[in-house]
Amino acid sequence: MDRRAFLTAAAAGLVTSPAWAAPASATPSRASRTLRSDPFTLGVASGDPSADGFVLWTRLAADPLGGDGRGGMPSRDVEVDWQVAADERFSTIVRSGTATARARDAHSVHVELSGLEPGREYFYRFRSEGRLSPAGRTRTTPAGATTPLTFAVAACAHYEHGYYTAYRRLAEQEPDLVVFLGDYMYEYGPSGYNALAGRVRTHTPGKCRTLADYRLRHAQYKSDPDLQRAHAGAPWLVAFDDHEVENNWAGEISSTGATGFAARRAHAFRAYYENMPLRRASLRGTSLRVNRRVSWGTLARFHLLDTRQFRDDQACLDGVRAGCDERLSGGRTLLGGDQWRWLEDGLHGSTARWNLLGQQIMVAQRDFKTGPGREVNLDSWDGYAAERTRLLGALSRTSNPVVLTGDAHMHHLAELKPDFDDPDSPVVAKELITSSIASDGDGYRDREWIDAALRENPHFSYIDQRRGYLMARLTKDELSVDFRTLDRVSRRGAPARTSHRLTLTADSLNAR
Ligand SMILES: [Fe+2]
């Protein structure tokens, strides 16, 4: 079976091992605890690869949309066996063990592997109470700087707005790694946020507020076969933005000013952790730490940021507006002091050839007003302009920095400059902003609007309003990025094509 056939079979749960093909040889007490239906309805995932391991994830849910968020699972803990194999047929098992899917963790498991070989593919699967999971493919990171890296960048997957064809197309390209930059799920109730073209499917009832609400919504998203396929094909690096909790929240402040936000945020964080291939140490009481670094040998280092949890409230009551001096204030922070120092130390201490900043919101200045005057999005880095200046200073002293961004629901390619209004200001980094997987529904291409936006913002060179993702290939000498677009997501099956390509030579911007 070739790899593509394997992944298709694996996604359908058709790949079984000689060792696990027969019914589990369970003890009588375990045999009596057989789940009535398949608990692997939410798929499998892996994440955060290192040179000798990764995280494996699954969450048991016999009835994923059962109304209480518990996925139709019993209130007891359930044992889950796992296997890691060197080959896709699972004939050479290199690690195996048993994890406990605890009821209090919504029957999720996060298995952290170490001690494996660097720079190679592994295959994994789970088994519980006689049921076998689909198999997944993952990998460890290589040593050195010579192994190239192919990685996808994606964001913003509103379930009601479209099908996840973009996830499917991304998986078909078999990247080594998927970087997901936020808005993995949306908290709104049915039709709480409508795309122009309406909705193609319907959210679970109500706006997410309770732990049960968030768990149920994640289960709905995770039930999608295209999403499952994208997770099963490669390890992911995930970081949340606003909608995993609430539209435009900031720190401990709800955008609606509602009280009780701290508890709601804690519920959202817990459900996010339960449904993502994150390391166990990321959940810390009521907070969730997602800013972290992942290295691909000495070729690349990903610095993943959290631009929500530690930020000051948006200036001037948020929104896209003109004339807000507060946004320029030197005292305002987007990353928070601790994360800022962590980032600055990590950039300056990095020995990687390329440094990739994975973060949520647009760094480049973006004037939304055509003609004289300026209107900016106060939720993005434009609302935290002094810290952006510090960030650009740090990037100017970093080896081959590239910023990866989500949130905008349109592809953009921008040059980052200390002074965006000065044509002679040096370019310190490129910013690659991915469009959405599904959010805002079927895309379009309004040439007049795009031309006006490019004229107004000359440091941008490409904008595309269609859905899609980025597919990047990185070597020691070059970064090449395909901006992938799909004409529609309102029906399944659209092809993805490369609408724009960037090729960036190492050391062509700021050589350290
Ligand atoms: Fe979004």
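Worth a mention:
- Cβ separations smaller than 9 Å between residues 6+ apart or across chains give no pair from segment 400-414 residues that are over 20 Å from residue 450 (Cβ atoms) and open to solvent by 10 Å² or more (accessible area, probe 1.4 Å) to residues that are within 12 Å of the ligand (Cβ to nearest atom) and assigned to a strand (DSSP E or B).
- Among the residues making up segment 187-203, a single one is of a type in the set (S, T, N, Q) and either within 16 Å of the ligand (Cβ to nearest atom) or within 30 Å of residue 51 (Cβ to Cβ) (or both): 194.
- Tabulated pairs, segment 427-441, first within 17 Å of residue 153 (Cα to Cα), second among the charged types (D, E, K, R) and within 11 Å of the ligand (Cβ to nearest atom), C-beta under 8 angstrom, 6+ apart or interchain: 433/407; 436/183; 439/183
- Boolean, residue 282 is open to solvent by 20 Å² or more (accessible area, probe 1.4 Å) and not charged (D, E, K, R): no
- Exclusive hit being of a type in the set (A, V, I, L, M, F, W, C), open to solvent by 10 Å² or more (accessible area, probe 1.4 Å) and more than 16 Å from the ligand (Cβ to nearest atom), set 322, 271: 322
- Any chance residue 463 is surrounded by 14 or more Cβ atoms within 10 Å (Cβ to Cβ), free of Cβ contacts under 8 Å to residues at least 40 places away in the same chain and within 29 Å of residue 308 (Cα to Cα): no
- Taking strands (runs of 3 or more DSSP E) as the structural unit, no element lying wholly within segment 414-476 holds at least 2 residues that are within 16 Å of the ligand (Cβ to nearest atom) and of a type in the set (D, E, K, R).
- Some residue of segment 358-373 being more than 24 Å from residue 453 (Cβ to Cβ), open to solvent by less than 20 Å² (accessible area, probe 1.4 Å), at pLDDT 95 or above and not acidic (Asp, Glu): yes
- Considering residues of segment 418-453 that are more than 21 Å from residue 401 (Cβ to Cβ) and of a type in the set (Ser, Thr, Tyr) only, the residue most open to solvent (accessible area, probe 1.4 Å): 444
- Close pairs (9 angstrom Cβ cut-off, 6 or more residues apart or separate chains): surrounded by fewer than 19 Cβ atoms within 10 Å (Cβ to Cβ) in segment 51-66, not in a loop (DSSP other than H, G, I, E, B) and not hydrophobic (A, V, I, L, M, F, W, C) anywhere: 51/295; 65/220
- The number of residues in segment 389-413 that are in contact with a Leu (Cβ under 9 Å, 6 or more places away or on another chain) and within 12 Å of the ligand (Cβ to nearest atom) comes to 3.
- Selection status of residue 206, at pLDDT below 95, out of contact with any Lys or Arg (no Cβ under 8 Å at 6 or more places or on another chain) and more than 16 Å from the ligand (Cβ to nearest atom): no
- Test: residue in segment 293-312 that is without any contact (Cβ under 8 Å) to a residue 40 or more places away in the chain, surrounded by fewer than 22 Cβ atoms within 10 Å (Cβ to Cβ) and over 23 Å from residue 111 (Cβ atoms): no
- Selected residue (criterion: nearest to residue 175 (Cα to Cα)) from residues of segment 97-121 that are free of Cβ contacts under 8 Å to residues at least 60 places away in the same chain and open to solvent by less than 30 Å² (accessible area, probe 1.4 Å): 111
- Beta carbons closer than 7 Å, at least 6 apart along the sequence or on distinct chains, pair a first residue in segment 35-50 that is more than 30 Å from residue 117 (Cβ to Cβ) with a second that is part of a loop (DSSP other than H, G, I, E, B) and at pLDDT below 95 for 35/129.
- Test: residue in segment 84-91 that is more than 19 Å from residue 43 (Cβ to Cβ), of a type in the set (Ser, Thr, Tyr) and touching a residue at least 40 places away in the same chain (Cβ under 8 Å): yes
- Residue within segment 135-143 that is more than 16 Å from the ligand (Cβ to nearest atom), modelled with pLDDT under 95, more than 16 Å from the chain's Cα centre (by Cα) and not in a helix (DSSP H, G or I) present: yes
- Residues that are within 25 Å of residue 92 (Cβ to Cβ), touching a residue at least 12 places away in the same chain (Cβ under 8 Å) and more than 16 Å from the ligand (Cβ to nearest atom) occur in segment 156-173; there is at least one.
- Residues within segment 477-500 that are free of Cβ contacts under 8 Å to residues at least 40 places away in the same chain and either among the hydrophobic types (A, V, I, L, M, F, W, C) or in a loop (DSSP other than H, G, I, E, B) (or both), tallied: 1
- Yes/no for residue 184 being under 22 Å from residue 408 (Cα atoms), within 16 Å of the ligand (Cβ to nearest atom), under 18 Å from the mean Cα position of the chain (by Cα) and open to solvent by 10 Å² or more (accessible area, probe 1.4 Å): no
The values are calculated or read from the model by the stated rules, or taken from the named source; none is laboratory data. These numbers come from a predicted model, not from an experiment. Note: ideal-geometry Cβ built from the backbone for every residue, glycine included; neighbour counts use all protein chains shown. For accessibility, only protein heavy atoms count, side chains too; no ligands or nucleic acids. Shrake-Rupley method; radii C 1.70, N 1.55, O 1.52, S 1.80 Å.
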